[in-house]
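Let me begin by presenting the structure, written as structure tokens, before commenting on it.
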Amino acid sequence: QVQLVESGGGLVQAGGSLSVSCAASGSIFRIIFMGWYRQAPGKQRELVAGISGGGSTNYADSVKGRFTIFRDNAKNTVYLQMNSLKPEDTAVYYCKLDYETVPDRRVSAYWGQGTQVTVSS
């Protein structure tokens with residue numbers, strides 16, 4: 001069993017900042033990737049930012065320079081700091097975990113329940 005606990009998000013005015021966090025726990029042998037995706041109404045879910053097990057990061061072009069993803073390895077927690085928010089950042093943000101299971105090291109994926117981020121103009 002794996003659990004992802006998301007927190008943060010909420011409502012902010014354009015230009016403001018918010019952060020979201022995602023804590024992973026359970027039968028995880030190794031984390032391969034943790035990332036944040038978002039889905040706005042009527043749109044497909046898209047990758048916002050991700051961080052690999054080795055610490056490499058990647059960002060959607062639309063958030064580069066505004067969002068920062070980082071993690072606390074000891075807590076298996078990833079954070080997304082969102083600055084200079086725009087109304088178009090409004091979406092449900094989902095945490096995704098790619099990991100190897102215990103004990104067979106099978107590669108699996110798990111999604112969080114999502115947290116709403118709303119940016120008002």
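The values are calculated or read from the model by the stated rules, or taken from the named source; none is laboratory data. Treat the numbers as computed from the prediction; the structure is a model and nothing was measured. Quick reminder, even Gly has a Cβ in these numbers, built from the backbone with ideal geometry, and neighbours come from all protein chains shown. Surface areas here come from the heavy atoms of the whole protein model, side chains and all, with no ligands, DNA or RNA. Shrake-Rupley method; radii C 1.70, N 1.55, O 1.52, S 1.80 Å.
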Probe 1.4 Å, all protein chains present, accessible-area order of Thr118, Thr57, largest first: Thr57, Thr118
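Dipole of the chain, Cα-centred, from +1 at each Lys and Arg C-beta and -1 at each Asp and Glu C-beta, to the nearest 20 debye?
Numbers: 12 positive and 9 negative charges, 13 e Å.
Dipole about the Cα centre, nearest 20: 60 debye.
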Accessible area expressed per residue, segment 1-117, with surrounding protein chains retained (probe 1.4 Å, Å²): 52
Residue with peak Gaussian network fluctuation, the chain [Cα springs, cutoff 10 Å], from Gln81, Gln13, Gln44: Gln44
At most 11 other Cβ within 10 Å, DSSP loop - trypsin sites (Lys or Arg not before Pro), segment 14-121: Lys43, Lys64, Arg105, Arg106
